[in-house]
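Just so it is clear, none of the values below were taken in a lab; they were calculated from the coordinates. Every value quoted in this text rests on a predicted model; they were computed, and no experiment measured them. For neighbour counting, all protein chains shown are included, and Cβ atoms are generated from backbone atoms with ideal geometry for every residue, glycine included.
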Amino acid sequence: MNKAITDGIVFQPLPFAAGLSVWSSGDGTPGSDTYATSGTGVFVPSDQDFGGCLEVQKTGTVQSLRYMAETPLLRGCYLRITARVKAVAGPLPAVRVAGYAGVAGGGAANVPLTTGPQTQLTRYGEVVEVSAIVGTGARAGVDLVWLDAIYGHFGIDLVGPSGGLVRIDDIVIEDFTVAFLRDLMSMVDVRDYGARGDGITDDSAAFEAADSAAQGREILVPAGVYHLENDVSIQSKIRFEGTVTQPDDRRFILQNGYDLRAYVEAFGDEEQAFRKAYQALLNFSDHESLDMCGIRVTLNGPLDMQACDPTRQVFATRRVVRNGQFQPANTTAWDTDVVTSAGTYDRSADRRLTNVTNIANIQLGSLVSGAGVGREIYVRAINVGARTLELSQPLHDAVGSQTFTFTRFKYLLDFSGYADLAQFVLDDIEFQCAGLASGILMAPEGLTFHVRDCFVTRPKDRGITSPGRGCQGMMIDRCQFNSNEQGLRVQDRTTIALNTNAEDVKIRDNRCALFKHFAVIGGGGTTITANHWFNGDSVTGGVRVAGLIFATPNCRSVVTGNYIDNGWIEWTNEYESEPEFVNQFSFGGLTITGNHFIALNATTGFNFLRIKPYGPGHFVQGFSMTGNVFRAVNGKIDRMEGVDTTFAGLDLTRMRQITIDANTYNGIEEPVYNPASLIHTQNTAASNWVARTDPYLPFRGHARTIDGLAMVQALRTGDGANVNDMPWIETSYSNDSRDLRFAFERSVRGAVRYTVRMDNPV
C-alpha cells in the first residue's frame, strides 16, 4: 500500500528551500512562531552533506521544529518521519522525531506519546539519522500510536543544553505501511483501528471500526488475544491468526462466511466456538443453518443450549444445526445425578407432585421412578417455593405420599433450559456418546423438533428424551441408534432410544440396534413407518421385551412397513391416573399394517403384540392389523398376540371394530383372524352343533357375531336323507363364550363354513 500512489495523497513536506514560513518553532499549529520570523533559524543553500538545509541556533532546553501543514493520518496507513542532522558548533544536543497530534477542529488528540526515540549527537560534522513511525495501530515497530488523531504536524526536537548550532536536512515523511501489511490491497488489520490484542482491553470498537472500513476487503485479526466486551457483528470476511474472548451473554456474529470453522478459528476452542456460533444462529436472520463443517466437537460436560444465549427462553424460528459430530470428554460431568424425595400424588392434579421434600436438588428433566409410576415419566417443571413438580405424564397407581427417585441423565445437547423451542432441526450429526453421555434432551414445550440423518451411537442411558410436550409434531427421520449394551442379555439392558409425550409425531426410516426399548410413545397421532428395530440377543429361549410401547390406550397411531425384530409391540394405559375403565376411551385407534415381524430363539410364550391394561374393564374399540408377515425362526411360538394380565384382563364382551386379516403366519402354532372363516364338520347327526372357535379368534375372544355361513356338505339325517334346513345360531356359547351353537329343527349331519367375529362391528 502507498497512499501517495494509489490516492494521490501528499505526505512529503516542502523543502526548506521553499521558505521557512511553513516551519514552526512551536507545535506547528496555526499562529505559532515560524523560523522565518523567529531569528533562530536560517536557510543554508549549499551544505557539503545536505545541499540546502536549515541551520538552527538552539535557544531552549527543547528546541522544536514542526511542519505547519496538516499531514493526514489514515486508518491502516503508517508513516515514517526521517530527519538527518549534524552538530556544527556549541553544546551537543540530543535529537528526536516529534509531532503534534490533531483532531477535527484543530484540537490536540489524546495520544500516549508525541515524541520518538532520542539519539545523542556525539561529534561535530557527523551526520546522524533519526526516524519514528506513526500510525493508528499498536503494532511492533510503531513508535507513535495515534488512534484518535486525524492529522499531525511533524518534525524534530533538539533536546539538551542551549547554545549549540545544528544543521538539518529536508525532513522526509513517507508511507511505510508496506512494512506491516502482507496483503496490501485486500486486508484491513484490526490493530489499525485500535485493537490491542492483550486479552484485557475491550477491542469491540476496533473490530466494528475495521469492519466499517473494510468495504469488501478481508479483515485480519493478527496473533494475540482480543477481548470483546460488547456485542460485535462483522459483515466482512475475516481471517484469524489470533483469537477472541467474549462474555457468554454477548454476541459475536460473523455474517460473511458463517460456519463453525470460522468460530473455531476465532475462539480457538471447539466447545466455546459452538456455543458462540449457535448463539449467532439464533440472533441473525440471514442464516437459517449452522454448518459444522464436519468438525467433531468434544464437550467437557452437558451443553446447556439455552445458556448459549441466556436472553432467550422461547425460540420459534426455523433453525438448523448440521454436518458435524459431538463427543464427550472423559470427565465426571457426565455422572448421573440421583435424588430421592418424598412427595404426594393426587388424581385431581394428575401431572403434579406436591409437598416435595429436597426439591431444590431435583433437576428439570429427571426421570421419575417409584411405586405406580409408568415408564419414561420426567420432571417437566419445578416450583421450588411451592414445593411442586410438574410431570410429563400422569401416574397410574401412586395416590398418596411415598418416596420417589429422580434420576438425571446427562446429555450431549440439553435443550431443557428453554421454556419453549419450536422448528429446530438437527441434520446429519453424529452423537458419539461413547457410553459416557446420553444424546439429546428436548425442551419441555415446543413444536416440530426435527432430527434427521443423524447417528446416536452408544448412549449411556437415552438417545432422545422428551421431558414434556416439546415433542409436539416431532420428526425423527433416517436416523441410526446404536446401543451401548449390544453385548448384554435383553434383561440386563436399561437404555431406551427415544420417547414421546405429545401428538403428531413422525418416526420414519430409522434403524435401532439392541436397546431395551426402541420407543415409548406417550402421545396420540403417531406415525411409525419403515423403521427397523431389533431387541434380541444370542440366548436361545432368552427373555424378550417390548421394542415399541404405546403407553396411552386410545393412541390414534399407525405402524406401517417396519421390520420388527425380536421385540413386540406393547399397548398399555400406564399413563392414566385412573387406569380402571370408567367413561374414557378404552384401547383403540391403532393400525398395524404391512410390517415384517420376526422372532429368533424365542420361547413359545413370545407374542408380537401384547395389550397390558393397568386396570379392569378395558376393551378394544377400533384396531386394525392387516397385511403383516409373522415369522418365528429356531423354534415356534404359540400365538402372534396376547394379553398381559398382570393388573387386569380385557372385557371380551365389549370388543368392537377389530380387523385382523390378510396376515402371513410362519412358525406360529395358532394363527388368528377377525373375522375368522372356519369350518365345522358334524359327523354324527344332532340338532345342536357346537362349533369351537378357539384358538383362532384374537386375544382368545368370544364368538360374538356371525357374518355369514354356507353349507359345504349336504345336510343329511341320521338315515342319510337330504334336507334343506337352516339353523339359527347362538353366539358366545359355552362357559368360556368361545363356541357357537347351530340349532336345527331335526338331527342332521354335514359341514358348515361360517365367518365369526370376536367383536361387534357396529
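Run the Debye formula on the Cα coordinates of the stretch 83-204, all scatterers equal and no solvent, and tell me log10 I(q)/I(0) at q = 0.17, 0.21 1/Å. Debye curve over Cα of the stretch 83-204, log10 I(q)/I(0) at q = 0.17, 0.21 Å⁻¹: -0.92, -1.17.
Computed on the Cα atoms alone, the convex hull of the stretch 284-416 gives a volume of 135 cubic angstrom per residue. Extension gain for the segment Ser285 to Glu126, taken as residue separation times 0.36 nm less the Cα-Cα distance, is 50.6 nm to one decimal.
In order along the stretch 9-17, phi translates into HN-Hα couplings of 7, 9, 9, 5, x, 5, x, 4, 5 Hz, rounded to whole numbers, per the Karplus curve 6.51 cos²θ - 1.76 cosθ + 1.60 with θ = phi - 60° and x for Gly and Pro.
Solvent-free Debye calculation, one equal scatterer per alpha-carbon of the stretch 337-408: log10 I(q)/I(0) at 0.12, 0.17, 0.27 Å⁻¹ equals -0.23, -0.48, -1.41. When both the stretch 198-219 and the stretch 703-757 are represented by their alpha-carbon centers, they are found 94 Å apart. Spread over its residues, the convex hull of the C-alpha atoms of the stretch 500-670 is 102 Å³ per residue. Per-residue ellipticity at 222 nm for the chain, helices alone: DSSP H runs ≥ 4 residues times -39500 (n - 2.57), over residue total, nearest 500 deg cm²/dmol? Here the helix-only value at 222 nm equals -1500 deg cm²/dmol.
Considering only alpha-carbon pairs that sit under 8 angstrom and 6 or more positions apart, the relative contact order computed for the chain is 6 percent.
Each label was represented as a point 7 Å from its Cα along the Cα-to-Cβ direction; for Thr405 and Asn722 these points are 7.5 nm apart.
Sorted largest first, the spans of the alpha carbon positions of the stretch 152-248 along the three principal axes are 62, 30, 20 Å. If you wrap the tightest convex hull around every Cα atom of the stretch 145-209 and split its volume per residue, you get 166 Å³. Starting from the Kirkwood Rh over alpha-carbon pairs, what translational D in µm² s⁻¹ does the stretch 610-660 have by Stokes-Einstein at 20 °C and 1.002 mPa s? Calculated translational D: 169 µm²/s.
Summing Cβ point charges (Lys, Arg +1; Asp, Glu -1) relative to the Cα centre of the stretch 58-140 gives a dipole of roughly 100 debye. A Förster radius of 35 Å combined with the Cβ-Cβ distance from Ser734 to Asn666 puts the calculated FRET efficiency at roughly 0.65. Taking the square roots of 5 times each eigenvalue of the Cα gyration tensor of the stretch 3-179, largest first, gives ellipsoid semi-axes of 26, 17, 16 Å. With one equal scatterer per alpha carbon and no solvent term, the Debye-computed log10 I(q)/I(0) for the stretch 676-757 at 0.14, 0.23, 0.24, 0.26 1/Å reads -0.42, -1.04, -1.11, -1.25.
Across the alpha-carbon set of the stretch 187-301, the Rg to Rh ratio works out to 0.94, Rh being the Kirkwood radius. Spherically averaged projected area of the convex hull of Cα atoms, the stretch 1-97: 7.6 nm².
Can you put Leu548, Leu447 in order, fewest other beta carbons within 10 Å first? Provide the component values of the computation, followed by the final result.
Working: Leu548 27, Leu447 18.
If I rank by nearby Cβ atoms, fewest first, I get Leu447, Leu548.
Taking only the Cα atoms of the stretch 444-512, the ratio Rg/Rh comes out at 1.00, with Rh defined as the Kirkwood radius. The separation of the stretch 6-61 from the stretch 529-592, counted between C-alpha centres, amounts to 97 Å. The ranking of Thr114, Thr357, Thr403, Thr465 from fewest to most other beta carbons within 10 Å of each one's beta carbon is Thr403, Thr357, Thr114, Thr465.
For the pair the stretch 402-422 / the stretch 76-106, the C-alpha centres are spaced 68 Å from each other.
Each 10 Å bin from 0 upward holds the following percent of the Cα-Cα pairs of the chain: 3, 11, 16, 14, 11, 9, 8, 7, 6, 5, 4, 3, 1, 1, 1, 0, 0. Of the residues Tyr411, Ile637, Asn256, the one whose Cα sits farthest towards the positive end of the charge dipole of the chain is Ile637 (charges of +1 on Lys and Arg Cβ, -1 on Asp and Glu Cβ, taken about the Cα centre). Computed 3J(HN,Hα) for the stretch 284-290, one whole-Hz value per residue from the Karplus formula 6.51 cos²θ - 1.76 cosθ + 1.60 where θ = phi - 60°, is 9, 6, 7, 10, 9, 9, 10, glycine and proline marked x. Charged neighbours of Ala104, selected by a Cβ distance under 15 Å, balance to -1 (K, R count +1; D, E count -1). Count Lys and Arg as plus one, Asp and Glu as minus one, and take only other residues whose Cβ is under 14 Å from that of Phe518; the net charge is then +2.
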